[in-house]
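Input: a single structure, listed below in structure tokens.
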Amino acid sequence: MHPIFVLVPILLPILGGCAMLSLPHGDRRHLYTLSETVVVLTSIAVWAAILFMSRDPVTVYSFTRGFAISFRADGPAMVFAGMVSLMWPLVMVYAFSYMSHDDHPASFFSFYVMTYGITLGVAFAGDILTMYVFYEMLTLVTIPLVSHYGDRDSSFAAGRYVSYTIGGASLAFIAVVFVTLYGGGDFVLGGCLPDTVSRLYMRLFFVLGFFGFGVKAALFPLHNWLPLASVAPTPVTALLHAVAVVNSGVFAVMRMIYYSYGTGMLEGTWVQTFCVLLTSFSLVYAAVMAVRERHFKRRLAYSTVSNLSYMLFGLSLMTPAGQAAGMAHMIFHGVIKMTLFLCAGAFMHRTGNAYLYELDGVGRRMPVTFACFTLGALSLTGIPGFCGFISKWKLLEAGAEAGTWPAYAGCVCLILSAFLCAMYTFNVSVRAFFPPEGKDRYADSAVREADPLMLVPILVFSAVNIVLGLWASPLLGLLERISLGL
């Protein structure tokens, strides 16, 4: 298969999303059909590219002095794109029910579908400039999703999102320009920078890029936009917090460390020490904030901030084991957090409530939803038998293997964060199933289980959580081979 085929899964949802804007207002049946058709065809194209496409890069357009738009289906691209392609169709089905009474469905689904294609552009980018272009397009296309409801809270959240991500993009752009000027920018395991480049300046540029790309990964202290974005519709928050935006930030940091700079320029330096300690602090700080938070989706948002720093911690170890563990947690956390957010959205959709004190007794009316939430909570905490345990264990192994005092400190932070995770997730399940005597808010209510379009994706993600927890060896083996360049 010719390398140019990689453009199909990128352009198909972008063009399909634009076409949806022209559909007649209120024509939901055609809108839903077109949305799911485009998303499913895109996922098929992604897997065709993964399985059959040449691994050679393809340059679409070349600028002056090596600046070019190019794509390539290498190992990390296949992992990120494959993950996104399996999750997006399921969440789209969930969104059909969740947004069934929305006043502007065409706007929502058009941008939702376009976001799919742009995320794939980030995944399949063949050099750091191409990745940066799609990374910025991802910000622009998700702004209407964050501000979809158009009320004061949504507008404020969108404004904060824009200010943080555009500011971060400015920092990242400095690193992108200098990597492209001095190394060509192509993604090569081990880095593309020559030995003659000034290591002092390039390390300083790396820190700017780490913070710049780290904005979308909600790295402390640039994380505040993420909890605020929970005012968006739940399919959007699941998109932001589990798949597209935040993982694009993690993916960009991984590309910069392992495929642009190379670990040889960074490992053992003050830059690595700074990154490891910052991510370690960030994951504990966000877990503490999650314990304190009383809004259901914002609590899960702070949990996402914490778990994104798990991934960044693994990547900052700058070892093959750290890279593989970081990628594993990116995948497993995506499955877990998708389950948790979809359960939270089902609760909010059925009851109209959003705070933890309003959960008392709802598990008896929505037993399947909150049973799935409990399974996700067990996995996120790191209980054996679920996928979350495996990726966290791999992160601890990578930290111990690194053998440095910042890595050991990070391992302690990982363990502490796991205990905090148990506090802020199990509390939800206990409230839902075991309310205090006389405090069952839903004893005489008409609240019932989520409808099938919402429940099926929740059940599928819960099943994947268990399957990966019991049989993760093939995936872990693939990630280890990718991290070694095999």
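Is there a residue in segment 121-129 that is in contact with a strand residue (DSSP E or B) (Cβ under 6 Å, 6 or more places away or on another chain) and either farther than 23 Å from MET327 by Cβ or in a helix (DSSP H, G or I) (or both)? Yes. ASP195 meets the stated requirement of being acidic (Asp, Glu), outside any helix (DSSP H, G or I) and out of contact with any strand residue (DSSP E or B) (no Cβ under 9 Å at 6 or more places or on another chain).
Of all residues in segment 398-426, those that are of a type in the set (Asp, Glu) have Cβ atoms under 8 Å from Cβ atoms of residues that are assigned to a helix (DSSP H, G or I), 6 or more apart or on another chain, in GLU401/ALA321.
Looking only at segment 454-477, residues that are polar (S, T, N, Q) and surrounded by fewer than 16 Cβ atoms within 10 Å (Cβ to Cβ) come to 1 in all. Is it fair to say SER280 is out of contact with any Lys or Arg (no Cβ under 9 Å at 6 or more places or on another chain) and assigned by TED's automatic domain parsing to the domain that holds THR425? The answer is yes for SER280. Are any residues in segment 397-421 among the hydrophobic types (A, V, I, L, M, F, W, C) and either over 20 Å from VAL288 (Cβ atoms) or outside the structural domain of MET289 (by TED's automatic domain parsing) (or both), and if so, which ones? Result: ALA398, ALA400, ALA402, TRP405, ALA407. In segment 171-184, the count of residues that are surrounded by fewer than 16 Cβ atoms within 10 Å (Cβ to Cβ) and modelled with pLDDT under 90 is one or more.
Pairing residues of segment 291-306 that are within 15 Å of PRO233 (Cβ to Cβ) and of a type outside the set (Lys, Arg) with residues that are at pLDDT 90 or above and not in a helix (DSSP H, G or I), at Cβ distances under 7 Å and at least 6 apart in sequence or on separate chains, gives PHE296/TYR355. For segment 151-168, the condition holds for at least one residue, the condition being that it is in the same structural domain as ILE14 (by TED's automatic domain parsing), within 23 Å of TRP270 (Cβ to Cβ) and assigned to a helix (DSSP H, G or I). Scanning segment 382-436 for residues that are over 21 Å from the mean Cα position of the chain (by Cα) and among the polar types (S, T, N, Q) turns up THR404, ASN427, SER429.
Yes or no: GLY361 over 30 Å from LEU476 (Cβ atoms) and either in the same structural domain as LYS394 (by TED's automatic domain parsing) or not basic (Lys, Arg) (or both)? For GLY361, the condition - over 30 Å from LEU476 (Cβ atoms) and either in the same structural domain as LYS394 (by TED's automatic domain parsing) or not basic (Lys, Arg) (or both) - is met.
Here is a yes/no grid of residues against (1) surrounded by fewer than 20 Cβ atoms within 10 Å (Cβ to Cβ); (2) of a type in the set (D, E, K, R):
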site: CYS372; (1), (2): no, no
site: PRO384; (1), (2): yes, no
site: GLU397; (1), (2): yes, yes
site: ALA407; (1), (2): no, no
site: LEU416; (1), (2): yes, no
site: MET423; (1), (2): yes, no
site: GLU437; (1), (2): yes, yes
site: VAL447; (1), (2): yes, no
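Quick one: in segment 1-36, of everything that is in contact with a strand residue (DSSP E or B) (Cβ under 9 Å, 6 or more places away or on another chain) and of a type in the set (A, V, I, L, M), which residue is modelled with the lowest pLDDT? Selected residue: ILE4.
Among the residues of segment 10-56 satisfying the criterion of being charged (D, E, K, R) and under 30 Å from ASP74 (Cα atoms), which is surrounded by the most Cβ atoms within 10 Å (Cβ to Cβ)? Step by step, filter segment 10-56, then rank; the result is GLU36. Right, ARG203: part of a helix (DSSP H, G or I), over 21 Å from the mean Cα position of the chain (by Cα) and farther than 24 Å from THR59 by Cβ or not? Here the answer is yes, as ARG203 does meet what is asked.
Out of LEU380, LEU356, LEU340, one residue alone is within 16 Å of SER303 (Cβ to Cβ), touching a residue at least 24 places away in the same chain (Cβ under 8 Å) and surrounded by fewer than 20 Cβ atoms within 10 Å (Cβ to Cβ). It is LEU356.
For segment 207-226, filtering for residues that are touching a Phe, Trp or Tyr at 6+ places or on another chain (Cβ under 6 Å) and assigned to a helix (DSSP H, G or I) leaves 1. For segment 113-164, filtered to residues that are surrounded by fewer than 24 Cβ atoms within 10 Å (Cβ to Cβ) and of a type in the set (Ser, Thr, Tyr), the residue that is nearest to LEU208 (Cα to Cα) is TYR164.
The values are calculated or read from the model by the stated rules, or taken from the named source; none is laboratory data. In this text, all values refer to a predicted model and were calculated from it rather than measured experimentally. Cβ: placed from backbone, ideal geometry, glycine included. Neighbour counts: every protein chain shown.
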